[in-house]
Number of protein chains: 2
Amino acid sequence: MSATPTVGWIGLGAIGAPMARAAATAGLPVTAFDLNPAALTALADVATPAASAAEAATGADVVVLMVATPAQLEAVLHGEHGIVGALTAETTLLIMATVGPAALEEAVRSLTWTTSRIVDAPVSGGTARAATGDLLVMVGGAAEDVARARPVLDALAASAPVVGPRPGDGQRVKIVNQLLCGVHIAAAGEALALAEAMGLDRGQVHEVLGGGAAASFMLADRGARMVAEDYDAVKSALTIFVKDMGLVTEAAAEAGQEVPLARTAAALYRRGDEQGLGAKDDSIVYRLLREGPAD
Amino acid sequence: MSATPTVGWIGLGAIGAPMARAAATAGLPVTAFDLNPAALTALADVATPAASAAEAATGADVVVLMVATPAQLEAVLHGEHGIVGALTAETTLLIMATVGPAALEEAVRSLTWTTSRIVDAPVSGGTARAATGDLLVMVGGAAEDVARARPVLDALAASAPVVGPRPGDGQRVKIVNQLLCGVHIAAAGEALALAEAMGLDRGQVHEVLGGGAAASFMLADRGARMVAEDYDAVKSALTIFVKDMGLVTEAAAEAGQEVPLARTAAALYRRGDEQGLGAKDDSIVYRLLREGPAD
């Protein structure tokens with residue numbers, strides 16, 4: 001393996017596309033695939049488009065998977081035109097999607113006879129930080145495998161700590177991250193909804209409380225969108241937290257840990273989704289709480 | 001009224017004592033009372049001790065009340081040796097206790113024929129910031145009355161914004177503050193408990209997530225105590241959040257606003273209290289969640 005690994009990139013969604021561009025811009029040779037041809041075309045100035053996931057993976061030192069769901073992960077690995085036949089014992093598979101520890105471990109098991117060089121490395125930080133290679137990446141895997149993926153991680157992340165030796169440990173930390181994010185967004189919505197219900201100026205409340213003991217990243221970030229009530233300039237869709245809080249409660253059940261706040265927040269995101277708000281910005285939980293539960 | 005108001009101070013508890021000292025140190029003449037003689041003695045180097053609440057209030061331009069509960073507020077105002085007889089139409093009553101909007105409005109009503117100069121100004125920030133005059137104070141009241149209390153507020157607070165014209169608006173913002181603090185502490189406990197349950201190093205998780213989208217003041221502050229598991233060096237007793245989350249859910253019910261996360265967190269704090277942990281540091285919610293609900 002050369003010092004500059006060749007990269008096969010599969011998945012060019014809202015976060016995946018700016019990540020792949022950041023990797024290519026950092027000097028890594030990237031061959032990319034996405035089911036959406038427009039996403040491939042948009043990246044063609046910096047990456048070689050492939051005709052299938054298998055083609056993108058063929059000959060790559062590191063194959064990055066940045067899909068949206070466990071079902072997509074399974075399809076990319078083992079579905080029609082899946083990559084399993086293109087992987088060798090020397091391929092390092094870098095799974096950066098947030099799929100939860102259970103799906104990650106199932107993927108590891110399913111690849112036992114193909115490659116054991118699997119690193120899981122889900123990300124946090126959103127599209128803006130993805131574009132500048134400034135993500136937080138939570139890495140789980142054996143030291144030797146992580147070392148092989150390191151040039152890719154360095155291109156994408158401001159910080160990519162190894163949080164455990166097991167592929168899946170990255171997912172576990174991401175799960176904890178999403179628990180906090182999902183609860184904090186809902187708490188910001190609840191706080192500003194209560195402020196408004198009590199006749200306060202919710203914009204001022206947001207400003208006054210933002211610097212003290214009540215502060216959170218999400219109160220500052222999503223709270224500003226709740227004050228503005230603009231849910232159509234979608235920076236983070238509600239549906240992401242429907243999925244991720246589901247992964248949180250599933251992982252908690254598996255681990256035998258009660259997570260009452262996460263369960264409460266998960267129910268709120270599901271309620272929004274059931275009301276047809278899945279594609280809106282997740283800050284719409286403020287509006288959802290102000291309007292109250294359906295009778 | 002002189003530019004430097006005389007201050008009658010009632011209530012020298014964990015926060016009240018350093019606040020009174022900060023006011024006196026800033027040059028305000030303070031006459032103080034507390035039911036606990038030791039608290040009075042400890043302050044005698046900077047403040048004049050009074051024999052009763054009424055004596056502390058007599059002749060003061062600004063009377064500060066820093067008691068713990070609505071019942072104590074009622075007793076200080078109207079109980080035996082209460083201050084109501086010592087107040088005049090010129091006295092400014094500065095209620096800095098966290099008693100909730102309902103108790104504050106009841107106090108205002110009960111003083112209709114005594115003084116209408118009532119400012120409510122609950123605080124956030126803890127004992128350390130109380131000692132350095134660096135609290136966040138949320139002020140509700142008429143502009144003229146707030147102006148009379150301003151020298152006291154300036155001595156105590158890094159920031160004391162007027163959040164509404166009604167005495168009670170300070171309480172309302174404090175309620176929103178406590179909702180966020182109470183939920184964020186419980187969320188930190190839940191997150192670190194899940195990390196531990198999934199076999200992760202909770203200290204590392206605390207460190208990795210502390211700077212990103214999952215960040216909160218409480219994750220940094222209480223999270224560190226949860227990692228250390230020292231609940232006996234009490235910086236903020238669990239019982240405070242039993243009381244304050246009760247005020248939150250009560251105010252929310254009054255305002256017709258659902259607060260599902262606050263209700264869930266309130267139940268957790270009550271559970272801790274019922275298990276005899278009320279005097280422990282509130283970060284013990286981590287331990288409570290790890291051990292799970294009683295069968």
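The values are calculated or read from the model by the stated rules, or taken from the named source; none is laboratory data. Values in this document were obtained by computation on a predicted structure and should not be read as measured data. Cβ atoms come from the backbone with ideal geometry, glycine included; neighbour counts cover every protein chain shown. The accessibility values were calculated without ligands, DNA or RNA, using every heavy atom of the protein model including side chains. Shrake-Rupley method; radii C 1.70, N 1.55, O 1.52, S 1.80 Å.
Scanning the range B:246-258 for residues that are open to solvent by less than 70 Å² (accessible area, probe 1.4 Å) and either within 12 Å of chain A (Cβ to nearest Cβ) or modelled with pLDDT under 95 (or both) yields B:LEU247, B:VAL248, B:THR249, B:ALA251, B:ALA252, B:ALA253, B:ALA255, B:GLY256, B:GLN257, B:GLU258.
In the condition set (1) at pLDDT below 95; (2) assigned to a helix (DSSP H, G or I), A:VAL76 is compliant with all but (1). Residue under question is A:ALA220, and the condition is that it be under 23 Å from B:ARG222 (Cβ atoms) and open to solvent by 40 Å² or more (accessible area, probe 1.4 Å); does it hold? Yes; evaluated as a whole, the condition is true for this residue. For the range A:265-286, the tally of residues that are polar (S, T, N, Q) and either more than 28 Å from B:ALA195 (Cα to Cα) or surrounded by fewer than 21 Cβ atoms within 10 Å (Cβ to Cβ) (or both) stands at 1.
So, B:LEU87, is that one open to solvent by less than 40 Å² (accessible area, probe 1.4 Å), free of Cβ contacts under 8 Å to residues at least 40 places away in the same chain and closer than 24 Å to B:ASP145 by Cβ or not? Against the criterion (open to solvent by less than 40 Å² (accessible area, probe 1.4 Å), free of Cβ contacts under 8 Å to residues at least 40 places away in the same chain and closer than 24 Å to B:ASP145 by Cβ), B:LEU87 qualifies. Could you tell me whether A:ASP230 is surrounded by fewer than 19 Cβ atoms within 10 Å (Cβ to Cβ), among the acidic types (Asp, Glu) and either out of contact with any helix residue (DSSP H, G or I) (no Cβ under 6 Å at 6 or more places or on another chain) or modelled with pLDDT of 95 or more (or both)? Taking the combined requirement at face value, the residue satisfies it.
If you go through the range B:273-289 and keep only what is closer than 12 Å to B:ALA188 by Cα and of a type in the set (Lys, Arg), you end up with just B:ARG287.
Within the range A:124-136, take every residue that is touching a strand residue (DSSP E or B) at 6+ places or on another chain (Cβ under 8 Å) and facing another protein chain (nearest Cβ under 10 Å) and give me the one that is most open to solvent (accessible area, probe 1.4 Å). The selected residue is A:ARG129.
Let's see how each residue does on (1) touching a Gly at 6+ places or on another chain (Cβ under 7 Å); (2) more than 23 Å from A:VAL123 (Cβ to Cβ); (3) not assigned by TED's automatic domain parsing to the domain that holds A:ALA97:
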| residue | (1), (2), (3) |
| --- | --- |
| A:LEU179 | no, no, yes |
| A:ALA188 | yes, no, yes |
| A:LEU194 | no, yes, yes |
| A:VAL208 | no, yes, yes |
| A:ASP221 | no, no, yes |
| A:THR249 | no, no, yes |
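A search for C-beta distances below 6 Å between a residue of the range B:244-259 that is under 16 Å from B:ILE185 (Cα atoms) and assigned to a helix (DSSP H, G or I) and any residue that is at pLDDT 95 or above and open to solvent by 10 Å² or more (accessible area, probe 1.4 Å), counting only pairs 6+ apart in sequence or on different chains, returns B:ASP244/B:GLN178; B:VAL248/B:GLN178. When the range A:58-71 is filtered for residues that are buried (at least 19 other Cβ atoms within 10 Å of the Cβ) and of a type outside the set (A, V, I, L, M, F, W, C), the ones remaining, listed by number, are A:ASP61, A:PRO70. The single condition among (1) within 23 Å of A:GLY199 (Cα to Cα); (2) surrounded by 24 or more Cβ atoms within 10 Å (Cβ to Cβ); (3) among the aliphatic types (A, V, I, L, M); (4) more than 8 Å from every other protein chain (Cβ to nearest Cβ) that B:LEU261 does not satisfy is (4). Where helices (runs of 4 or more DSSP H) sit wholly within the range B:11-57, those with at least 3 residues that are open to solvent by less than 40 Å² (accessible area, probe 1.4 Å) occupy B:16-25, B:53-57.
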